[in-house]
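Undergrad: Take this structure first; my questions come after.
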Amino acid sequence: MMYREFDKILNHEMMPALGCTDPIGIAYCAATARKYARGEIQQIEAIFSGKLVKNAIAVVIPGSGGLCGVSIATALGVTCGDADKKLEVLQGITEAQVQKAIQLEKSGKLHVSIADNGIALYMEIRLATDQDEVTVVLQDGYTNIVKIVVNGEVILSADGDAGDEGYRYDLLKLDHIIDFAENAPLDNMKIIQDGLKMNEALAEAGLSRDFGANAGQRIRDRMAHNCTDNLSYSAMMWSAAGVDARMSGCELPAMSNTGSGNQGIVCTMPVYGAAKALGSPWEETVRATALSCLVSIYIKHKIGALSTVCGCVVAGTGSSCGIVYLQGGRKAEMLNAVKNMFGNLAGMVCDGAKASCALKTATCINAACMSADLALDGFGLESTNGIVGKGEDDTIDYFVRTSKEGLASMDGVIIDILLNK
């Protein structure tokens, strides 16, 4: 039963996403509104949480010719988005459609404001045409539509739990995750295998073309010249290259994890890179990646959507556990790896989605490999060190509390800087 439950969780929390999920989620919400509205557009009111704006303001939208921002994401969703494709809503858009969206953005019909409701991930599109008035509200998950109102009639109303009901997140403990990774049939890990292949293709694009900071390429070049640790460099290279491509508008999807393509990359590609350096067989790579993804889901589900802490810290912790698994470590070593990661990187904040996320990824994965190496050598930070706890539950809970409560005021400062610099 537990294997089936974990299979369900993986398939719920992992899905293909074309482009950064923040502007793409906005485009999906806008495309859904347009789906219910006939006629010529008269007015669009777009209301977004500050955290969402922070993550959509500077990341390139695939197929847009280098455009960024919440208003153009809204316009693209309305003019050419296919809501049925969800997080691949802008797949295959044309230059003519992009120009139409730009015209809409500049027309004065589109107005954007910041929501003041305390919900971290929130978007509301109010679309008026010469025939209909439609409101679509999405919250707590990038495809989690909680309200649709058409001409005053409520045709959908749900709570904002991101569709998590019916999923046994309470089963997510290291013991259970290791059991699943080691013993579940590979048929229960098809989404993991698909994710490895999808994110590998994205990383290959980042290594073969110029994107953003080109962090993956720069790490690769140093591997050839002065690399002293092939495993660390390989893990860093594959993950940073994937994020390079994704943050700069590459028209290839990422397999996301807990609503984030970057987190999906950082759950999968470091393990993949480490496995290549170690010469690990495919099945072992898949199982280690499944473990990495589930550890990330375990932690992220406690924090919630769009936390102030950088998601690469969470996903990198999952990867550190996956890298431990590849080298024969199990629960004791993984718990030490978690302690080492949280004792090191707990304060890394998210200042929005953009090209430099690839550098943060490389930093997190360098730390993940070091944490794994120390853990395999029997070292884990003691509970006398900062927020590190004694055991699994308190170590994770202290990190979650630091992220949710301790950094609560940080987002307001970052958003103010981004909107006014």
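The values are calculated or read from the model by the stated rules, or taken from the named source; none is laboratory data. Everything numeric in this text was worked out from a predicted model, so none of it was measured. Cβ coordinates were reconstructed from backbone atoms using ideal geometry, including for glycine residues, and neighbour counts include every protein chain displayed.
Undergrad: Testing Leu138 on (1) of a type in the set (A, V, I, L, M); (2) outside the structural domain of Lys51 (by TED's automatic domain parsing); (3) closer than 30 Å to Cys250 by Cα, one condition comes back false. Which one is that?
TA: Looking at each condition in turn, Leu138 falls short on (2).
Undergrad: One residue is enough: does region 250-258 have a residue meeting the conditions more than 27 Å from Ile297 (Cβ to Cβ), among the hydrophobic types (A, V, I, L, M, F, W, C), touching a residue at least 12 places away in the same chain (Cβ under 8 Å) and outside the structural domain of Pro62 (by TED's automatic domain parsing)?
TA: No, region 250-258 contains no residue that is more than 27 Å from Ile297 (Cβ to Cβ), among the hydrophobic types (A, V, I, L, M, F, W, C), touching a residue at least 12 places away in the same chain (Cβ under 8 Å) and outside the structural domain of Pro62 (by TED's automatic domain parsing).
Undergrad: Hey, another quick one. Could you check Ile414 against (1) farther than 29 Å from Ala288 by Cβ; (2) part of a loop (DSSP other than H, G, I, E, B) and say which number it fails?
TA: The failed condition is (2).
Undergrad: Just need a number here: residues in region 96-135 that are at pLDDT 95 or above, acidic (Asp, Glu) and more than 14 Å from Ser71 (Cβ to Cβ).
TA: Residues in region 96-135 being at pLDDT 95 or above, acidic (Asp, Glu) and more than 14 Å from Ser71 (Cβ to Cβ): 4 in total.
Undergrad: Any residue at all in region 26-42 that is surrounded by fewer than 18 Cβ atoms within 10 Å (Cβ to Cβ) and small (Gly, Ala, Ser)?
TA: Scanning region 26-42, I find at least one residue that is surrounded by fewer than 18 Cβ atoms within 10 Å (Cβ to Cβ) and small (Gly, Ala, Ser), so the answer is yes.
Undergrad: Which members of region 144-199 meet the condition of being among the polar types (S, T, N, Q), under 30 Å from Lys35 (Cα atoms) and surrounded by 13 or more Cβ atoms within 10 Å (Cβ to Cβ)? Talk me through it step by step, then tell me what you get.
TA: Narrowing region 144-199 to residues among the polar types (S, T, N, Q): 144, 151, 157, 183, 188, 193, 199.
Checking the rest, the ones that are also under 30 Å from Lys35 (Cα atoms) come to 144, 151, 157.
Across region 144-199, the qualifying residue is only Asn144.
Undergrad: Only residues that are under 23 Å from Asn262 (Cβ atoms) and over 20 Å from the mean Cα position of the chain (by Cα): list them for region 32-66, please.
TA: Within region 32-66, the first condition is being under 23 Å from Asn262 (Cβ atoms), and the residues that meet it are 48-66.
Result: Ser64, Gly65, Gly66.
Undergrad: Kindly indicate which of Ile192, Ile145, Ile119, Ile125 is assigned by TED's automatic domain parsing to the domain that holds Arg330 and either within 25 Å of the chain's Cα centre (by Cα) or closer than 30 Å to Leu326 by Cα (or both).
TA: On the way: Ile145 fails: assigned by TED's automatic domain parsing to the domain that holds Arg330; Ile119 fails: assigned by TED's automatic domain parsing to the domain that holds Arg330; Ile125 fails: assigned by TED's automatic domain parsing to the domain that holds Arg330.
Sole residue among the options that is assigned by TED's automatic domain parsing to the domain that holds Arg330 and either within 25 Å of the chain's Cα centre (by Cα) or closer than 30 Å to Leu326 by Cα (or both): Ile192.
Undergrad: Filter region 74-101 down to residues that are touching a strand residue (DSSP E or B) at 6+ places or on another chain (Cβ under 9 Å) and closer than 23 Å to Ala358 by Cβ and give me whichever is surrounded by the most Cβ atoms within 10 Å (Cβ to Cβ).
TA: Leu87
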